[in-house]
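Colleague: Okay, here's the structure, questions in a sec.
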Amino acid sequence: MFLTLAAALPGFAQLSPSATWATHAANQYQVIPNVTYLTASNYESKLDVYLRRGMTSPQPTVIYIHGGFWAAGNKEGSLMSLLPWMEMGWNVVNVEYRLARVALAPAAVEDCLCALRFLAAQAKTYNIDTSRMVVTGESAGGHLALTTGILPESAGLDRECAGPTPVPKVAAIINWFGITDVADVVDGPHRANAAMQWMGGLPNREEVARRVSPLTYIRAGLPPILTVHGDADTTVPYQHAVRLHEALAKAGVPNQLVTIPGGKHGGFTPDERTRIYVAIREFLAKNGLGEK
C-alpha cells in the first residue's frame, strides 16, 4: 500500500499525548553514548548523556545509577527507568561504575562521585545546570545516589579524580529502596551473596562498610531526599528506609518516605508507579525543581 503523508487517513490525523511524546522524542533528545569519565583499575568507567536538543540555557539534569548489589547490572538495563525524566524535559545521564569483579569497595562509591565531578567540569559541554542536578537509582543504585549526594569531602572518597573542580552539591536525591546500612547486607542479618562480593576479602571490611554507609553521614544541610520503599522488601529491608527517614528528620533535612504497602524489591504495579511519580513530581516542585 502506497500512502503519502499528505494523504494520511483522517482517523490518524491526531495522536494521543503519550504517542505524540514518543513520536517526537528523537526530535527532542540527542544521545551521546559511552563517554569515559574515569579510568581506574585498568577499566574505563562510562556514562551516557541524553541531551535536550535546541537548548541554549543550562538544563536541569538527573543522574541515574543502576543497581545490582555493586556486583551486577549495567547502564543499558536501566533505559526504561530514564523515560519519565525525559518526558519531564530533563537532561538525563546514565552512569556505569566499577563492579566488584573489577574493583572492591569503595570503588563504586568513588566512581559515582567522579561522575558527578566530571559532569560539573563538563557542564557547558552538556548544557547542565549544576544548581539543578538530581541523583537517583534503585537498590545499590539508590545507595550510590545517597552517597553521591551526601558524602562530605572529609570522607576522602573522591580522590580517584581529584582536580580543581569540586564535587558539586546536588539539588535533591531520589532513593529507590537503597541500602543505607551496608554492614547489614554484607555481614549482618540480611547478608546477600552479591553484596558480600563487593567487600571480598578486605581485612577492614567493617571500617569500609561504615565509610560507605549513608547513615554514617546524616547531618544538617543535606539536599532534600525522597525515598521509595516497599514495606515487604526482603532484599533490602524496609527498615533501611525507616532508619534513614528518622535520622534525616532528626537532623532537620527535608525528606519524604513513600511507602508501598506490600511492595517488594521493585517490580511495582502501574498504579504504584503512578503514585510514586506523582510524589516525585510534587517533591521536586516543593523543592524548587518543578517544571518551568
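Colleague: Checking the a/c ratio against 1.5 first, then a/b against b/c, what shape does the Cα gyration tensor give for region 192-247?
Modeller: The shape class here is oblate.
Colleague: In region 66-119, how does Rg compare with the Kirkwood Rh, expressed as the Rg/Rh ratio over alpha carbon atoms? Numbers along the way, then the final one.
Modeller: On the way: Rg = 12.3 Å, Rh = 12.1 Å.
Using Cα coordinates only, the ratio equals 1.02.
Colleague: Additional query: What is the Cα centroid distance between region 187-218 and region 15-75, reported in whole angstrom?
Modeller: Region 187-218 and region 15-75 have Cα centres separated by 29 Å.
Colleague: Still on this model: Given Cα positions, please report Rg to Rh for region 179-292, the hydrodynamic radius being the Kirkwood one.
Modeller: With Rg and the Kirkwood Rh in hand, the quotient comes to 1.02.
Colleague: Using the Kirkwood formula on the Cα atoms of region 148-218, what hydrodynamic radius do you get, in angstrom to one decimal?
Modeller: Mean inverse Cα-Cα distance, inverted, gives 13.7 Å.
Colleague: Suppose a student asked you for the relative contact order of region 148-253, using Cα pairs under 8 Å spaced at least 6 residues apart; what percent would you report?
Modeller: 36
Colleague: 5 Å is the cut-off here: which amide hydrogens, built 1.01 Å from N in the peptide plane, fall below it relative to GLY68, excluding neighbours closer than 5 in sequence?
Modeller: The answer is ALA140, GLY141.
Colleague: Give the accessible area for PHE177 in Å² (nearest 10); use a 1.4 Å probe, count only protein heavy atoms, and leave out ligands, DNA and RNA.
Modeller: About 10 Å², ignoring ligands and nucleic acids.
Colleague: So in the chain, what percent of DSSP beta bridges are antiparallel if you round to the nearest 5? Walk me through the numbers before you get to the answer.
Modeller: Details: 13 of 39 bridges.
The answer is about 35 percent antiparallel.
Colleague: Now, a different point. Going by a 4.7 Å Cβ-Cβ cut-off, which cysteines of the chain have no partner at all?
Modeller: CYS112
Colleague: A further question on this structure: When the gyration tensor of region 43-90 is built from Cα positions, what are the square roots of 5 times its three eigenvalues, in whole Å, from largest to smallest?
Modeller: 24, 13, 8
Colleague: Follow-up. How big is region 78-205 in terms of Cα radius of gyration and Dmax, in angstroms?
Modeller: Cα radius of gyration and Dmax of region 78-205 are 15.2, 46 Å respectively.
Colleague: Let me ask something additional. If you average 1/r across every pair of different Cα atoms in region 1-151 and take the reciprocal, what Kirkwood value do you get, in Å?
Modeller: 16.7
Colleague: Further question on the same structure: Give me the 1.4 Å probe accessible area per residue for the chain, excluding ligands and nucleic acids, in Å².
Modeller: Result: 46 Å² of accessible area for each residue.
Colleague: May I pose another question? Defining a contact as two alpha carbons under 8 Å apart and six or more residues distant in sequence, what relative contact order in percent does region 60-131 show?
Modeller: Numbers: 71 pairs, mean separation 24.7, N = 72.
Result for region 60-131 is 34 percent.
Colleague: Then there is this: Which lysines, on any chain, are close to LYS286 with Cα under 26 Å apart, when same-chain ones fewer than 8 places away are left out?
Modeller: Answer for LYS286, where 26 Å is the Cα cut-off: LYS169, LYS250, listed by chain and number.
Colleague: Here's another thing I want to ask about it. Given N residues in the chain, what is its alpha carbon radius of gyration divided by 2.2 N^0.38 Å?
Modeller: Against the compact-globule rule of thumb, the ratio is 1.04.
Colleague: Roughly how many percent of the accessible protein surface of the chain is carbon and sulfur, given a 1.4 Å probe and a whole-percent answer? Intermediate results must be reported in sequence, preceding the final value.
Modeller: Numbers: 7260 of 13500 Å².
After summing per-atom areas, the C and S share lands at 54 percent.
Colleague: Using +1 at the C-beta of Lys and Arg and -1 at the C-beta of Asp and Glu, which of GLY288, SER41, ALA145 has the Cα lying farthest in the positive direction of the dipole of the chain?
Modeller: The Cα lying farthest towards the positive end belongs to GLY288.
Colleague: Which value at 222 nm does the chain reach when only helices count, each DSSP H run of 4 or more adding -39,500 (n - 2.57), with the total divided by all residues and rounded to the nearest 500 deg cm²/dmol?
Modeller: -10000 deg cm²/dmol
Colleague: Take the eigenvalues of the Cα gyration tensor for region 93-143, scale each by 5, and report the square roots as semi-axes in whole Å, largest first. Could the numbers behind the result be given before it?
Modeller: Details: eigenvalues 103, 31, 13 Å².
Values for region 93-143, descending: 23, 12, 8 Å.
The values are calculated or read from the model by the stated rules, or taken from the named source; none is laboratory data. Note that the structure is a prediction, hence the values are computed from the model and not measured. FYI the Cβ positions are ideal-geometry reconstructions off the backbone, even for glycines, and counts take in every protein chain you see. Note: areas computed on protein heavy atoms with side chains; ligands, DNA, RNA excluded. Shrake-Rupley method; radii C 1.70, N 1.55, O 1.52, S 1.80 Å.
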